[in-house]
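Accompanying notes for the structure given below.
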Amino acid sequence: MLKTDFDDARTEPYGPPEQHRELQSTNPVALLDWAGRGRGVWAITKYDDVRAVLSDFRFSSDRSKPDHPAHAAYSPGTIQGQIIAMDPPRHSLIRGRVMGEFTVKKVAALRPRIEQIVDEAIDAMLAGPHEGDLVEALALPLPSMVIGELLGVPYEDHHFFQTNSAIYTDQRATPEERTAATAAIREYIATLVDARLDTPGVDILSRQLAAGATRDEAIGLGFLLLIAGHETTSNMISLAVMTLLDQPELLQQLRDDPAILPKAVEELLRYFTIAEVGGLRLATEDLDVHGVTIPAGSTVWALTNTANRDPEVFPEPDRIDFSRGARNHVAFGFGPHQCLGQNVARLELEVVLQRIIDRLPNLRLTVPVSQLRFKEHGNFGLYELPLAW
Amino acid sequence: MKIIASRTVCIGAGQCVFSAPESFDQDDDGKVVVLDDSPEPGAALAAVREAVEVCPSRALSLVAD
Ligand code: HEM
Ligand code: SF4
């Protein structure tokens with residue numbers, strides 16, 4: 001009973017695919033045909049159902065299972081053998097060992113360093129020609145520098161780390177270039193871990209090793225943090241800045257009352273829900289969702305972007321409303337896999353928006369939003385954001 | 001109302017600390033610590049209700065005393 005082809009392309013820059021919105025009101029647990037995959041996919045579009053699926057480990061994240069929709073056979077370059085691709089009990093054990101690194105307090109202590117990185121990037125923007133691509137000037141370097149900071153990448157290696165991590169996120173680079181960059185980063189992280197095995201430092205990798213992580217586990221973790229936290233944060237930074245420049249009344253609200261910044265960040269996260277691919281699961285037994293039985297072995301996609309536009313939870317969902325104050329969105333997922341780095345991402349976004357408002361009063365789009373190029377599959381984002389300042 | 005928190009279920013996302021910093025903290029392992037398990041009705045209780053709602057691992061609940 002596969003009726004329609006699953007369609008995951010956003011129809012306009014800001015919103016979920018029309019098909020998913022329609023399903024949300026007509027058929028919230030729908031079996032569609034996933035063209036190109038030769039299989040069906042259960043599209044879950046209501047907010048409550050999306051949260052229920054993501055909370056339930058029987059909808060498996062284990063990407064080493066050959067049937068898993070994010071298995072390497074379907075998603076080349078997928079993250080394997082890491083918490084994002086694991087079920088309990090291993091997931092609980094390994095996440096439990098690292099989650100103390102990302103508490104609200106520990107992350108808040110990163111603020112001065114993040115401010116410094118952002119200020120240096122803005123200094124460079126002001127020193128050169130007053131126009132360019134924000135993705136290259138700020139959105140892409142910042143998250144990789146921050147992760148480098150967490151991993152204890154020494155200053156002299158920042159350039160190498162930064163350049164290679166920019167290449168593997170670049171969908172326009174050739175597969176060979178991306179593979180080479182990925183290998184270079186992995187090898188680099190391995191060297192870091194080996195150095196820490198010799199001489200422990202004051203970084204996450206050293207502390208994980210001290211807490212019992214093996215060499216391979218430490219390398220894998222370093223790599224996961226980069227893969228999960230680099231392009232995602234970068235995409236959100238450029239989309240957030242684009243929105244504020246395209247809708248000056250929103251920018252004005254932030255100028256008038258900087259205290260609403262955290263709420264604005266939350267609302268932009270909800271609105272764009274860039275990491276919907278994180279909601280892919282494999283049903284490991286017959287499971288009930290909204291009264292419908294999903295058979296064991298089915299591919300299930302908890303569509304967080306559509307869930308975040310569910311009018312029963314977010315009134316007037318298509319309006320960006322900084323006063324909404326809704327922290328219950330699912331842009332970072334839900335359940336045991338909810339983003340480990342979410343507080344880091346929030347902080348980076350907050351600092352960037354604040355510094356841009358304070359230091360770049362003439363910042364403006366040089367190309368209308370309708371002509372910008374958006375990433376269509378994988379994480380949602382912008383290839384470049386040409387601006388003048 | 002009284003807060004019940006399951007430290008076994010907690011996955012350390014810190015959402016509760018964001019929502020209700022007077023009632024919740026995290027220990028060095030990232031696990032939730034309840035600072036005050038009986039929030040005053042009003043703003044404090046509302047903040048705790050938000051924390052219960054947003055906790056990704058459903059580790060938190062509010063029960064009648
Ligand atoms: C705006 C930026 C970000 C977004 C939208 C985002 C989104 C997500 C989502 C949706 C998931 C859940 C995937 C699933 O359910 O399988 C996730 C997991 C994860 N994220 Fe993020 N993320 C962001 C930034 C970061 C950063 C900065 C880091 C690291 C410093 C990070 C590290 C992780 C890790 C380690 C996981 C796996 C957690 C687990 O499986 O237990 N993320 N992220
Ligand atoms: S919100 Fe829930 S999972 Fe996160 S720290 Fe608090 S209790 Fe733990």
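The values are calculated or read from the model by the stated rules, or taken from the named source; none is laboratory data. Not measured: the values here are computed from a predicted model. In this analysis, Cβ positions are derived from the backbone assuming ideal geometry, glycine residues included, and neighbour counts consider all displayed protein chains. Note: areas computed on protein heavy atoms with side chains; ligands, DNA, RNA excluded. Shrake-Rupley method; radii C 1.70, N 1.55, O 1.52, S 1.80 Å.
Computed values, structure above
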item	result
Qualifying positions in the range B:15-31 - within 16 Å of ligand 1 (Cβ to nearest atom) and touching a Phe, Trp or Tyr at 6+ places or on another chain (Cβ under 7 Å)	B:30
Every residue from the range A:38-95 that is open to solvent by 40 Å² or more (accessible area, probe 1.4 Å), more than 16 Å from ligand 2 (Cβ to nearest atom), closer than 23 Å to residue B:54 by Cα and in a loop (DSSP other than H, G, I, E, B)	A:58
Residues (within 14 Å of chain B (Cβ to nearest Cβ) and either more than 26 Å from residue A:151 (Cα to Cα) or open to solvent by 20 Å² or more (accessible area, probe 1.4 Å) (or both)) located in the range A:337-367	A:337, A:339, A:340, A:341, A:350
Verdict on residue A:276 being within 15 Å of ligand 1 (Cβ to nearest atom) and within 14 Å of chain B (Cβ to nearest Cβ)	no
Given (1) touching a Phe, Trp or Tyr at 6+ places or on another chain (Cβ under 9 Å); (2) under 22 Å from residue A:137 (Cβ atoms); (3) outside any helix (DSSP H, G or I), number of the condition residue A:384 does not satisfy	(1)
Filter result for residue B:28 (under 20 Å from residue A:107 (Cβ atoms), open to solvent by 70 Å² or more (accessible area, probe 1.4 Å) and either near ligand 2 (Cβ under 8 Å from one of its atoms) or part of a loop (DSSP other than H, G, I, E, B) (or both))	yes
Qualifying residue in the range A:248-264 (condition: buried (at least 22 other Cβ atoms within 10 Å of the Cβ) and of a type in the set (A, V, I, L, M, F, W, C))	yes
Of all residues in the range A:313-342 being among the basic types (Lys, Arg) and farther than 18 Å from residue A:104 by Cβ, the one that is nearest to ligand 1 (Cβ to nearest atom)	A:324
Selection from the range B:12-22 of residues that are in a loop (DSSP other than H, G, I, E, B), open to solvent by 20 Å² or more (accessible area, probe 1.4 Å) and within 9 Å of chain A (Cβ to nearest Cβ)	B:21
Residue count for the range B:47-65, restricted to those that are assigned to a loop (DSSP other than H, G, I, E, B) and more than 9 Å from every other protein chain (Cβ to nearest Cβ)	4
Long-range neighbours under 7 Å by Cβ, at least six apart or interchain, first residue within 14 Å of residue A:57 (Cβ to Cβ) within the range A:281-296, second part of a loop (DSSP other than H, G, I, E, B) and open to solvent by less than 10 Å² (accessible area, probe 1.4 Å)	A:281/A:61; A:282/A:68; A:282/A:69
Only one of B:39, B:56 that is within 10 Å of ligand 2 (Cβ to nearest atom) and at pLDDT 95 or above	B:56
The range B:43-64 residues that are more than 16 Å from ligand 1 (Cβ to nearest atom), paired with ones that are part of a helix (DSSP H, G or I) and among the β-branched types (Val, Ile, Thr) (beta carbon under 6 Å, 6 or more apart)	B:60/B:52; B:62/B:52
Any hit, the range B:35-46, residues being charged (D, E, K, R), within 28 Å of residue A:91 (Cβ to Cβ) and either within 13 Å of chain A (Cβ to nearest Cβ) or open to solvent by 20 Å² or more (accessible area, probe 1.4 Å) (or both)	no
Flag if residue A:19 is polar (S, T, N, Q) and under 20 Å from the mean Cα position of the chain (by Cα)	no
Any hit, the range A:91-110, residues being away from every other protein chain (no Cβ under 14 Å) and of a type in the set (Lys, Arg)	no
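Table: residues versus (1) more than 16 Å from residue A:358 (Cβ to Cβ); (2) open to solvent by less than 70 Å² (accessible area, probe 1.4 Å); (3) part of a loop (DSSP other than H, G, I, E, B).
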position: A:107; (1), (2), (3): yes, yes, no
position: A:112; (1), (2), (3): no, no, no
position: A:116; (1), (2), (3): no, no, no
position: A:121; (1), (2), (3): no, yes, no
position: A:124; (1), (2), (3): yes, yes, no
position: A:132; (1), (2), (3): yes, yes, no
position: A:136; (1), (2), (3): yes, no, no
position: A:145; (1), (2), (3): yes, yes, no
position: A:148; (1), (2), (3): yes, yes, no
